[in-house]
Amino acid sequence: MLLNARGVGLHADAAPLYATWRPHVGLGTPAALLVAAGVLGWGVRWSRTAAWSRLLVVAYVAAVTWTMSLALVDGWSAGFTERLTPQAEYLHEVPAITDITAMLAGFSARILDFQPYSWSTHTAGHPPGALLVFVGLDRIGLGGPTAGALVCVLVGATVTVSVPVTLRALGAVESARRVLPFLVLLPGAIWMGVSADGIFTGAVAAGLALLAVRPIVAAVAGGLFLGFALYLSYGFVLVGVLALAVVALRPRDRWPALLAASAGAAAVVALFTLAGFWWLDGYHLVVQRYHQGWAADRPYGYWVWANLAALLLCAGPVLGPALRQAALVAARSARMVWTARDSVTGWPGGVRAAGPTVLLPLAAALAVGAADLSGLSKAEVERIWLPFVVWLMVAAVHLPPRTHRWWLAGQVLVALAVNHLLWTVS
């Protein structure tokens, strides 16, 4: 607030969040309280004993309800149906796309600002896959802001399936259950409902889950998802860190899975390249477009730290203690690294000894750290980093089980406070 008052170019009224101060309540307020009460009072205990398939279904429904409730705090129109209608959003461009091949071939030429027919802000700031998602929805009869918003919520909530399925496939069966309440009551659901980053988050998590499960054909599908993710956001090149961690943690067939996933991702890259879009050209042009806008004013020295504060508000107060516990477990496992080598791959045995509940959140933290230091993520990371936040939540399983309800209560308080005190912008 002081920096904004002094005229520093933060371009965020409620920094570190991209939002404005506007205390309010709404239709979703009582619903959000009911969901939170249900998870805290009954869900935590039930998640440890319920049948697996039923647990995933209930968790998904609860996550959709939680996300929708938070969105409706701002009202049906302002909080849901109109969130994708601003000029900066992808839907602004959809009606003009009549030839997808021509759009892909000429996409890079429209990235830079201050020229005729420049793409809108979000479209220009991402590879063409992001726009293609909404064009595809429009082609199958799900066009318009209401259907688009619903898809963002429904796809974003699938992380409550993808993340625990990944953990279970990698041998962390009990942890897969314990992480679910933290995924359901994630404060970051504020930005999944509604922004395209909900779709991005669901797609990345699904790709990693497919990479973790046993059949090699699933690894190919995972590669297709993760390859397409590269065309949703340039920053998703950092998802490669998570993908390598998943492969390293597979109980068997690691090299075949890596090759299969690489083939799937390469196929996606080849299709986009043959259609006329070269990823590296787009990336270099986006860096120029980035500095044509507010990024040129936003001070790196402030945002490199403020981004971490925004991350904490998105992930909730559990993040710090959870990562600390994960790091301690990693340190205890580190001494095994050179004393035991995997009989199949020859990789250090300690890599797998640390386990998915350590390696996955630490890999996500590494990716976030790289994104932060790059200077290409100044502000709005509360939604941009959502695909990594859901994997950071895995570290929460290292906290004592008796404290989980207290930490979840803190998560709820942060989510409700942010959503009711601020008018968040996607």
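For the stretch 74-119, report the convex hull volume of the alpha-carbon atoms normalised per residue, in Å³, without decimals.
Roughly 88 Å³ of hull volume per residue.
To the nearest 10 square angstrom, what accessible area does residue 61 show with a 1.4 Å probe? Surface open to solvent at residue 61 totals about 80 Å².
Between residue 294 and residue 274, the contour length at 0.36 nm per residue exceeds the alpha carbon distance by 3.9 nm. Under the simplified labelling scheme, the residue 105-residue 259 pair shows an inter-label distance of 3.7 nm, with each label point 7 Å from Cα along Cα→Cβ. The mean of 1/r over all pairs of different alpha-carbon atoms in the stretch 28-152, once inverted, gives a Kirkwood hydrodynamic radius of 17.0 Å. For the set 253, 74, the ranking by accessible area, highest first and with no ligand, DNA or RNA atoms included, is 253, 74 under a 1.4 Å probe.
Divide the volume of the convex hull of the Cα atoms of the stretch 97-187 by its number of residues and quote the answer in cubic angstrom per residue.
Expressed per residue, the convex hull around the Cα atoms of the stretch 97-187 is 154 Å³.
A 1.4 Å probe, protein heavy atoms only, puts the accessible area of residue 56 near 20 Å². Per-residue accessible area (protein heavy atoms, 1.4 Å probe) orders 126, 92, 404, 398 as 92, 398, 126, 404, starting from the largest. Amide H contacts of residue 19 (H built 1.01 Å from N, in plane; Pro and chain starts excluded): 13, 14 sit under 5 Å, all sequence-distant by 5 or more or on other chains.
Once the convex hull of all Cα atoms in the chain is built, its volume per residue stands at 140 Å³. For 35, 25, 57, the ranking by accessible surface with the largest value first comes to 25, 57, 35, using a 1.4 Å probe.
The values are calculated or read from the model by the stated rules, or taken from the named source; none is laboratory data. Please read all numbers here as calculations on a predicted model, not as lab measurements. Neighbour counts run over all protein chains shown; Cβ positions are idealised from the backbone, glycine included. Just so you know, the surface numbers come from the protein's heavy atoms only, side chains and all, with ligands and any DNA or RNA stripped out. Shrake-Rupley method; radii C 1.70, N 1.55, O 1.52, S 1.80 Å.
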